[in-house]
Amino acid sequence: MRGLVQDLRYAVRALRKSPGFSFAAVATLALGIGANAAIFALVDRVLLRPLPVRHPEEIVLLRSPGPRQGHTWSDDDDTSSFSYPAYRHLRADASVFAGLLGEFPFTANVAARGDTERAAGELVSGSYFDVLGIPPALGRVLTAEDDRAPGAHPVAVLSHGYWTRRFGADPTILNQAIVVNGQPLTIVGVAPWRFSGIQAGRQADLFVPLMMKAQMTPFWNGLDDPKDYWLQIVGRLKPGLTQAAAEREIEPVYRSHLQEVLPRITDWDEVRRREYLNRKILLSPGSHGRAVLQHGVGTPLVSLMAMVGLVLIIACSNLAGLLAARGLARQREYGIRLAIGASRWQLLRQSIVECLLFSFAGGALGLAVASWALHGLLSAFPPEADMRQLAVEIDPRILTFVAAVSLLAGLLFGVGPAYRATRLDPASTLRAQGRGATASREALRLRGGLVTAQIALTLVLLVGAGLFGRSLGNLAGVELGLRPQNVLGFSISPELNGYTAERTAALARALTERISALPGVQSVSAAEIGTFTGSDAGSNVTVEGAPTSEHQRVLRNRIGPEYFATLGIPRREGRDISWQDDADAPKVAVINQTMAKRFFGGRSPLGARFAVGGGADVHPDIEIVGVVANSKSVNVTEREGPFVYLPYLQDRHLGGLTFYVRAANDPALLASAIRSEVRRLDRELPVEDVKTLETQLGESLLTQRLTVLLSAAFGALAALLAAVGIYGVLSFSVAERRQEIGVRIALGADPAAVRRLVLGEVGRFLAIGAAIGLPAAYLLARTIESILFGVKAADPIVFAGGALLMGAVTLFSGYLPARRASRLDALEALRSE
């Protein structure tokens, strides 16, 4: 132990004597380790960290793919949405589960202590906390008794974060009343601080019994309709039961439910009815919760983790080269210590201690880099984004990761150079001959191999960055079908303040008139679903005269007058929605060109009728009055499909609206005036998400933009590190070959020939690195191809660009040592030996 302490003290003194070397080594490691820690923190929180529940490995998520008829709500794959009667049937008869829970997110206007604010609510079954094994931090959690009869138990459990943020962690909050969406609820408990829901990125503020759905979601109940799919179901398997066995045992139970629902579906042919009855329950691991955020950012995060890992390897390679050079510079010191009795193990131990000192100093500084990088990454997302809701911080898991990476970097890349530096013959070293020259050649070969590896890895990173950049460029060039310039959007939710559909419609008309009168406003309209928000609504449609086989899911939105003019969507045929298309008027709709072509072929759809939904009791009663061009609505990457625009004035459940204002100049200048107009109509009505449509479009592409930015940053950092490594190796090589170069010059070699000699070595590094790096880059491209837009894995432009850029970096790094070699004085070089 005393020896280790002495080695540590000696290492600190030695590093203080060479501050430039120490700074370069620690800074290189800090950048590599910090970048890895930042990305790992996101990967851990999104993909690796299990739910803070009892035995998370027993949790499973339920899905049921296959045909369905009716209304579907989903925030992810709609196969995970079930009707409440299906949940009730499974809960009563499925013996494979130790427990089954249902949950549904809703937006809550919470009035408490004289203030009203928006919050994230969760409707959960009475079994929710019991199945997950979540005890209360204060009071009690919801139980089965709270979830027996609709509207009978107006109670709520607060999340720990919301209790702290909104109520100052007041322990007297129990049994106090709050008003949620116009309904008084009694607070009965607070959840533990580590738990805020079963979906990463969606932090619930309060939990309300599922039987309160009618009160929490005005105008939409859905508890009794077996064709209304909106509930997410999560189960806990009985100990020892596999997922495959559970799926087999649950199949007859689910089939009996489908047989009960099938008589309600009367317009399907026998083939489709058999497909419906053959739907199965599929179980997937739920230890990490509902994987919604993971589907959007999981693959990019894994790709970035792999790329930043390559950056760390390159940084460590540079460190290994620095240590090899330092070992050569200290050969005489090592020779003297060996000559006076020091053992090789003592020298190796001291060298390893120095390496680990570098590594852990770099790791400590890397934590600061990681914290800064995490803050910057998450702050780039809008406040309402799922990624912004992640509670990512430097916790013990991240500290353990950094410590492990630092130890691995120190041992893996430090022991080799340290071992070579201690393999000395003391007598030869002191005479400055013999083994010294051999060691120099070994060090040169080592650093040459490291540089070749750096070139290969850097090429992989440059190609990856190029693929992501090309994908983003393709996204930016997508034809949107609308004009987002000079359009401002904002949202209101009158239903959460107790408005009826009639009052909401009247408010919308009055607000439209007031905003239209503002200076600089060209047009105003509104829609129930905002553009480029990632949200959509859809259902089957029954088109008059169309065969049954053409019944298919069609996306829809409800809009107001001048919607197409405000968003810049060209009208192709017929008329627009008008103020006359209200609740008392005949039902009308405008469709897009894809729907017109798919259902009506070459004939005009004007005057034709259709109905939303299917079944023998559905009769086409909506008249098509117009056709508009195809446009993007959900996101930039959505495929063209049939779309229906209905008047929001004819919606019996009209609740919330997103308004769009087209201005003559900068629309952001209208934000204050618009808020004032809303306050004049209702001072208690919050105005949310005030942003331009261009901003909304940019936010919808934010994940892709950050991926490009980070991959480009990693590629640039790798290229810089590789350039430093190439420069160092060639400078060392020129110094070692000084006499040889002097002889060549004395025999008549001109400067150009000397430069070619040195750059030839660079060419060998580049050729071998490219031979390794290009195939590796192709493997990376195949891995990330699924998240690229309009880019193939073997894109020749990207690969050629990456190779040319790497070649330029390599040649530039080698030119300075080559030029220095060409300017050597032959006599001086010969005398130096």
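The values are calculated or read from the model by the stated rules, or taken from the named source; none is laboratory data. This is a predicted model, so every value here is computed, not measured. All Cβ positions, even for glycine, are placed from backbone atoms using ideal geometry, and neighbour counts span all protein chains on display. Remember, those area values only see protein heavy atoms, side chains included, never the ligands or the DNA or RNA. Shrake-Rupley method; radii C 1.70, N 1.55, O 1.52, S 1.80 Å.
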Which numbered condition trips up A169, out of (1) among the hydrophobic types (A, V, I, L, M, F, W, C); (2) at pLDDT below 95; (3) within 26 Å of N497 (Cβ to Cβ); (4) assigned to a loop (DSSP other than H, G, I, E, B)?
-> (3)
Residue list for the stretch 101-129, filter: under 30 Å from E249 (Cβ atoms) and either over 29 Å from the mean Cα position of the chain (by Cα) or not in a strand (DSSP E or B) (or both) = S125, G126, S127, Y128, F129
Checking L459 against (1) farther than 28 Å from A771 by Cα; (2) at pLDDT below 95; (3) in contact with a helix residue (DSSP H, G or I) (Cβ under 6 Å, 6 or more places away or on another chain), the condition it does not meet = (1)
Residue selected from the stretch 765-787 under the condition modelled with pLDDT of 85 or more and either under 30 Å from R823 (Cβ atoms) or not in a helix (DSSP H, G or I) (or both), by the criterion most open to solvent (accessible area, probe 1.4 Å) | I768
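Every residue, every condition in (1) closer than 22 Å to A200 by Cβ; (2) of a type in the set (V, I, T); (3) in contact (Cβ under 8 Å) with a residue 60 or more places away in the chain, yes or no:
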residue: L90; (1), (2), (3): no, no, yes
residue: D93; (1), (2), (3): no, no, yes
residue: F104; (1), (2), (3): yes, no, yes
residue: R113; (1), (2), (3): no, no, no
residue: L123; (1), (2), (3): yes, no, yes
residue: L132; (1), (2), (3): yes, no, yes
Are there any strands (runs of 3 or more DSSP E) wholly within the stretch 206-298 with 2 or more residues that are farther than 18 Å from V124 by Cα and open to solvent by 10 Å² or more (accessible area, probe 1.4 Å), and if so which?
-> 282-285
Restricting attention to the stretch 658-675, does a residue exist that is in a helix (DSSP H, G or I) and within 30 Å of T542 (Cα to Cα)?
-> no
Among what's in the stretch 583-613 and is assigned to a loop (DSSP other than H, G, I, E, B) and small (G, A, S), pick the residue that is surrounded by the fewest Cβ atoms within 10 Å (Cβ to Cβ).
-> G602
Can we say S672 is touching a helix residue (DSSP H, G or I) at 6+ places or on another chain (Cβ under 9 Å), free of Cβ contacts under 8 Å to residues at least 60 places away in the same chain, surrounded by fewer than 20 Cβ atoms within 10 Å (Cβ to Cβ) and among the small types (G, A, S)?
-> no
Going by the structure shown, is E117 open to solvent by 20 Å² or more (accessible area, probe 1.4 Å) and either within 16 Å of G289 (Cα to Cα) or in contact with a Lys or Arg (Cβ under 6 Å, 6 or more places away or on another chain) (or both)?
-> no
The stretch 130-160, residues that are part of a helix (DSSP H, G or I), within 23 Å of T172 (Cα to Cα) and either out of contact with any Lys or Arg (no Cβ under 9 Å at 6 or more places or on another chain) or small (G, A, S) (or both) | D146
Residue check, T531 outside any loop (DSSP other than H, G, I, E, B) and open to solvent by less than 60 Å² (accessible area, probe 1.4 Å) = no
